[in-house]
Amino acid sequence: MLADFALSWRKPLSDHPLSCLRPDSSETLSVRSGESLYLPCPNLDCFEDNENASYVWLKNVSRTKSLEEIGTEEHMRVHYHRSVLYILQLSVEDTGFYITRQFYPDGVCHEFVMDLVVYEEFSTNLLFSSISSVEGIVAEIFCPLCEHQTGTFIWYKNFSLISNQESGQMLRVRDASRESEDIYTCVCFWEHGGRKLNSSASRRLVIEDQSLITPPRIVHPTDNSIVLVDMDAEIGLTCSVFTGSTGRRECTVGWLRNQTALDGLDGYTVEQREDEAFIHSVLLIRKVSQVDFYSVFHCTADYSYQVMLVSVALKRRASRLTLVWSCVCVVFLILMVSGTMKMFAVDLVLLLRGSFKKLNRKEDGKVYDAYVIYQRNNLDEATEKTISDFVTGALPTVLEKYYNYKLYIPARDDLPGEDCMNLLEAKIRLSRRLIFIITPGRGARQRGSSAEVYDVQVGLHQALVQGHTGVILIQLEDMHNYTHLPLGLQHLLKKSPPLLWRDGGKPGSRFWKLVRYRMPVPSRRVKKTSAGLSYQTDVSYAIV
């Protein structure tokens, strides 16, 4: 019933003893003398909230311009029970403003005004909104009475009882035609305090040619839309309804917040404009509050007896500080993951290399996994011992015995009487990697045609010019500069820093993991036993 009340704009009452929040408008209800009235609070939230609030009903007496509180005793002709007002046997003297005050425990008060007009005889002012239907279909007429109470219904057409009617709040006129057009009246019979009472409401049925009807539809926003907005910001929500040229007369567009009409509610403004084929209803929220984020806004389009609606929810936009912190956290997470991956990348590669060794193998014609190039002459005693311990001790022990690599170490693997100078280049070409051992001092920059000078030159040519052989640089001692080294070797050091070896270091240390990371997949398999290390050779070779 409340949805059919016409809004009547009036000035607020001037003699309020309390400061209550109230809309700038009141609702108007026209009723007939001699009937009874069941009047809920003219606000749906007010009517439904009977647990958290208390109520007071008052009437504005026009002759004294004062407010009179209405009683609660059921034997009184005019009384109220919580959010519902009862007026039994209406009379013209009952015309006036009826005010509902809703109080909350925190002291907040809301006030709603109903303008009640009582007519002695039937008048067209008593008619509720008309119902439009299409010729040839079932027309449904809804009775705007007894929505929130139990009652029985009787229907009249042009104030004559309709025969064989279905008793109910909805009257269905089958095969509606032009002859069906008329005023239809529903009478609701209900009980209160042991007394049988009745109320009536009338509305007109209008039948239109089906070809002339363009049913309205909501084109914007879409249902279940989400709008991002800042706290305390001002925002406008626009609802656009397509009506065509024929549907506008019967279409009413509005906004609800959870089932509460927002037109005139404090902090909200609803503006409406029309163009050639649309009705646009704009809801202006002056200051978005926390309540708005927990509410659902509905754009409603009432057309005849149909109600279309779409839902819109407000979602708080993330603050810039939140975005900054989110970006910082993402960057930190990326750096942490990158650092972790970098820290364990070598271990992961070695693990996968061992797991998929057979898949990575292919014939390449190589014989040695690495050719070792190191300085053997013109060294002081300490440096010579360091090189000897590493080249003949640590290097072959770990790579050959433990990880089963096949190395070619000059002076160790040269055969007696073999022409080293002639075979040196061939052996370098048969190696998958070149291991340069870097030491301080004159190094291998000396002039001459000795084997150690020649293998440096051939190795650098193979690595820099041919580009077929990978290079592993190992530095045995700390150095301030590399100016004593050949220019080609200095170039390689700029591209890839050397691995620094210090005395000691188990086969599983970081140094040896980095060496193995730069080495190819071992060309032979090793078989470990509990008694020690033993190995088997495999005639296949591999390269990475």
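FYI, it's all coordinate maths here, none of it is from the lab. Just so it is clear, the structure is predicted and the values come from calculations on it, not from any experiment. With ideal geometry, Cβ positions are generated from the backbone for all residues, glycine too; neighbour counts draw on all protein chains shown.
Extension gain, HIS192 to SER311, is 39.1 nm, computed as 0.36 nm per intervening residue step minus the present C-alpha separation.
Computed extension gain for SER160 through ASN258, at 0.36 nm per residue and net of the alpha carbon distance, reaches 31.3 nm.
Loop-resident trypsin sites (Lys or Arg not before Pro) (DSSP state other than H, G, I, E or B) in segment 248-293 with no more than 14 further Cβ atoms inside 10 Å of their Cβ: ARG286, LYS287. Which of LYS385/LYS494; LYS427/LYS494; LYS401/LYS513; LYS366/LYS401 have a Cα-Cα distance over 23 Å? Cα-Cα > 23 Å for LYS385/LYS494; LYS427/LYS494; rest within.
Residues within the reach of a label modelled at ALA345 (point 7 angstrom out along Cα to beta-carbon, backbone nitrogen below 11 Å), restricted to segment 471-496: there are none. Placing dummy labels 7 Å off each Cα toward the beta-carbon, the span from TYR517 to ALA277 is 6.8 nm. How far is it, in nm, from the label point at GLU68 to the one at SER33 when both lie 7 Å from their Cα along the line to the Cβ? About 1.8 nm, to one decimal.
Taking 13 Å as the cut-off, the amide N atoms of segment 103-142 that come nearer than this to a point 7 Å along the Cα-to-beta-carbon line of CYS20 belong to 103-104, 108-115.
Highest mean packing first, where packing is the average number of other Cβ atoms within 10 Å per residue, the peptides 328-338, 111-121 line up as 111-121, 328-338. Taking trypsin sites (Lys or Arg not before Pro) across segment 26-80, the ones in a DSSP loop with at most 13 further Cβ atoms lying within 10 angstrom of their Cβ are ARG63, LYS65, ARG77.
Suppose R0 equals 45 Å. What FRET efficiency, 1/(1 + (r/R0)^6) with r the Cβ-Cβ distance, do ALA382 and LEU352 give to the nearest 0.05? Computed FRET efficiency for ALA382 and LEU352 comes out at 0.65.
Dividing the alpha-carbon radius of gyration of segment 375-439 by the rule-of-thumb value 2.2 N^0.38 Å gives 1.20. For segment 141-197, the list of trypsin sites (Lys or Arg not before Pro) that fall in a loop by DSSP and count at most 10 other C-beta atoms within 10 angstrom reads ARG174.
Compactness of segment 136-266 is given as radius of gyration and Dmax, 20.0, 60 Å, from Cα positions.
Extension gain, SER54 to THR124: 0.36 nm times the residue separation minus the Cα-Cα distance gives 21.5 nm.
When each of the peptides 263-272, 33-42, 128-137 is scored by how many other beta carbons lie within 10 Å of its residues on average, the order from highest to lowest is 33-42, 128-137, 263-272.
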